[in-house]
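Trainee: Below is the structure I would like to discuss, written out as structure tokens.
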Amino acid sequence: MSRIATYRVQLRGGLDFAALEGRLDAIAALGASHLYLSPILTAAPGSTHGYDVTDPTTIEAGLGGRGGFESLSRAAQARGLRVIVDIVPNHMAFGLDTPWLVDVLEHGPGSAHGDVFDIDWTAGPLALPWLEASLVEMAEAGDVSVAGGHLTAGALTLPLAPGTAPETDGPLDAEATTALQDRQHWRLLPWKLERDSITHRRFFSVTSLIGVRVEEARVFDATHAAILDLADAGLIHGLRVDHVDGLVDPGGYLARLTGRLPDIPVWVEKILVTEESLPDWPVAGTTGYEAAAVIDRVLTDTDGFVRIDALWRGETGAEGNFHAEVAAAKREVLTDELAAELRQLRGLAETLAAEEARPTGPEILREALGELLVAFPRYRSYIGAGAGQDDAALWREAADHAAAEVRDRDTIDWIVERILVADTDAARALAVRLEQVTGALIAKSHEDTAGFRFNRYLVANEVGADPDRPTTTQVEVQAHLEDRLARFPAALTLGSSHDTKRAEDTRARIAAMTHDPDAAETLWHDAAHLAGSDTLDANRRFYAFQVALGIWGAPDAGERAADHMIKALREGKEITYWTAPDEDREALMQDWVRALLSRWDADRPDALLRLCRIGEGLSLAGLALRLAWPGMPDIYQGGEGPLFQLTDPDNRRAPDWDALTHPPQTGFAGAKSALMRAGLALRQEAPDLFAAGDAIWDGRTLLRRDEARQVRVEIGADARTEGALWGWEAECPPYAVAIRVSGKEP
């Protein structure tokens, strides 16, 4: 079956298998070939996303269970839609709703599931930082008791190791509580001690998610049984692997997965940085962040960006570049959110040093490891299966950068050489853990901290993008196209997803600033007259200004922007924090962005309307490019209509399904729907052309051609729609888009 396009749907939040089955006609009529589902396995109660799996052997009953999924899959296939499912091999929920974990709490490493979870039992009992106060304090307050072989502390009820329960049920005093806990495989602790106490591998800094040892064959089989069974039954036809970089050996895992399912295409969630290529894994490609970044750069005007940069720097006093901000953020994150991971790495390095009788100290190792982590430029390397030349060069280059920050580089060089050789268990353990932490560190520093501080141009503050490279060249785009066609022609091309910081139409609206910087400056200076502007940091106002521009006119824009500012400020970690929020300062920024949107609602300034009009043209240009780009377009739910969204949870909002079924015939919504349907119809008509045809970019036109025909996607002021399959015309560059289909030129 041809790979025309995927249609990504977020289950949960009121959408189960049966409800989605009722939407299949509309999705099929749009022209998609694949239905792409968020995780379907049993997850924590109330989960809004499904990535916190509690039981990988069953399908979520709240979605409809196995029967509901079978019905959905068969109904989809009857309409020509194949099914892709998102799977989460890296982690499971770390809580009492996870049956296998509860068994581990009771029986310790000897549990039948003791090898499933990535727990450091050499550090002592499994730390459970789940309490508001210490267990002793809770016992003194009368909040600890025993009944039926379980200990209850407040709202938590944990299993006791066999033979350890007191003879009599009832409340426990502090002394009895301490004595009983000392006999368990777990330790209950206040949550504020998590960075000093955790003994399991987390997902990033999320203590409530525990790493899974899927590199072990038995664990792989146990955690994939349900998914493999669905694939064997012909109910699943593709897989998307979440957070592949969190695994011990991504390449080995993917070889095992595709070896077990040789006819099932696999896409990986993998974030590539500048000049990084996807390893030669047996996959169809990535989920498409890098393609989205290239297209966003194409839609950004270079000269106009220079004006926006000057405006931002002049108003905020900002100096330096984004990567300097990332380095500073990395150091902060290593002393706070990932302090536990740095502590664990230091312990592994101490073990290796002791094994080799190398004189060192904990602070020397902490400093060396910290600077190496700060200097490492990518999400991870892949030295677990033997360091190749590229990975070795990458780590040695990182060592050179790290060495500039310390007085003595010997320890840095020793660590690098030992992880590259990795010829002992201790060296391999350090290498594995170091590779897993680099990804967590750059994600928390680049995406979640610096990405909410360096607020120059939010289009470039995107997953997989580089704020220091907001524009591109014809040569760079052509190299990207050729690499995709040669190596991963079936990779996905996304515009929006559940992980993007701002949806495709929001980004296009913000990108419009670079095409009319005069309008952007006018709006910015006018916003400075709002009450409270002079007391608020200009850089954070510049962020809120772009957010307001991006979603103005969308339903509930004021409250959604205000809600988003809480997340943005807490992720930025400058004036408020998730663990210590300053709600008064947050409220000031919320009031400001609400007031700005209210003023625009009332006044509808010409500069704003002009930027919105430009944004519509850019949105359509971006969509046309995605439809013709090498790979398979990935349509996010509701993306056939206007998609003005911010980062999650805003981008998980259910679309207006009924409105999408009957799109308007005029305006931006009608134009976007018409373009998508026409483009997908063209892909259905000429699948070979889009799968393998040449892709040539000249700066304003994307040409796809094979021996039978050619398709031109033209964007810009002089794009002409006469005779085009579909066209969009507006007032000024780059508001015109045209798609032309013809026989191949002689």
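Trainee: Arranged from highest to lowest average of other beta-carbon atoms within 10 Å per residue, in what order do the peptides 480-488, 4-12 appear?
Mentor: Details: 480-488: 16.9, 4-12: 23.8.
Peptide ranking by packing, descending: 4-12, 480-488.
Trainee: Treating each Cα of the stretch 180-245 as an identical point scatterer and ignoring solvent, apply the Debye formula and state log10 I(q)/I(0) at q = 0.18, 0.23, 0.27 Å⁻¹.
Mentor: The Debye formula, applied to the Cα set alone, gives -0.87, -1.08, -1.22.
Trainee: Within the stretch 698-715, find all residues whose amide N lies under 16 Å from a label point positioned 7 Å from the Cα of Gln474 along Cα-to-beta-carbon.
Mentor: Within reach of a label on Gln474, which here means backbone N under 16 Å from a point 7 Å along Cα→Cβ, the stretch 698-715 contributes 698-704, 713-715.
Trainee: Continuing with the same structure: Just the Kirkwood number for the stretch 299-371, please: inverse of mean 1/r across all distinct Cα pairs, in Å, one decimal.
Mentor: Taking every pair of different Cα atoms in the stretch 299-371, averaging 1/r and inverting gives 15.5 Å.
Trainee: Output the relative contact order of the stretch 360-430, whole-number percent, from Cα pairs under 8 angstrom with separation of 6+ residues.
Mentor: 36 percent
Trainee: Sticking with the crude label model, points 7 Å out along Cα→Cβ, report the distance from Ala339 to Ala78 in nm, one decimal please.
Mentor: Distance between label points: 5.8 nm.
Trainee: Now for a separate question. I need the peptides 204-212, 502-510 ranked by packing, meaning the mean over residues of other C-beta atoms within 10 angstrom, with the highest value on top.
Mentor: So the order, starting with the most tightly packed, is 502-510, 204-212.
Trainee: Checking the a/c ratio against 1.5 first, then a/b against b/c, what shape does the Cα gyration tensor give for the stretch 425-495?
Mentor: oblate
Trainee: Ok, one more. Enter the mean projected area of the convex hull around the alpha-carbon atoms of the stretch 474-533, in nm², rounded to one decimal.
Mentor: About 6.7 nm², averaged over all directions.
Trainee: Extending each Cα 7 Å along its Cβ direction at Ala354 and Trp657, get the distance between those two points in nm, one decimal.
Mentor: So the label points at Ala354 and Trp657 sit 5.8 nm apart.
Trainee: In addition: P(r) for the stretch 421-563: what percent of alpha-carbon pairs falls in each 5 Å bin, starting at zero?
Mentor: 2, 7, 12, 16, 17, 14, 10, 8, 6, 4, 3, 1, 0
Trainee: What full-extension length gain, to one decimal in nm, is calculated for Tyr577 and Asp173 as 0.36 nm per residue of separation minus the Cα-Cα distance?
Mentor: 141.9 nm
Trainee: Related question: Among the lysines, select those whose C-alpha is under 23 Å from the C-alpha of Lys192, and discard any that sit fewer than 8 residues away in the same chain.
Mentor: Partners found: Lys330, Lys444, Lys567, Lys573.
Trainee: Taking a probe of 1.4 Å, how large is the accessible area per residue of the stretch 455-555, in Å²?
Mentor: 28 Å²
Trainee: Another question about this same structure. Under the definition of Cα pairs under 8 Å and six or more residues apart, what whole-number percent is the relative contact order of the stretch 618-677? The partial results should precede the final answer.
Mentor: Working: 34 pairs, mean separation 27.3, N = 60.
Relative contact order for the stretch 618-677 comes out at 45 percent.
Trainee: Normalising by the residue count of the chain, find the relative contact order in percent from Cα pairs under 8 Å and 6+ residues apart. Walk me through the numbers on the way to the answer.
Mentor: Details: 1347 pairs, mean separation 90.9, N = 746.
So the answer I get is 12 percent.
The values are calculated or read from the model by the stated rules, or taken from the named source; none is laboratory data. Quick caveat, the model's predicted, so the values are computed rather than measured. We place every Cβ from the backbone using ideal geometry, glycine too, and count neighbours over all the protein chains shown. Each accessible area value is taken on the protein alone, full model and side chains, heavy atoms only, with ligands, DNA and RNA left out. Shrake-Rupley method; radii C 1.70, N 1.55, O 1.52, S 1.80 Å.
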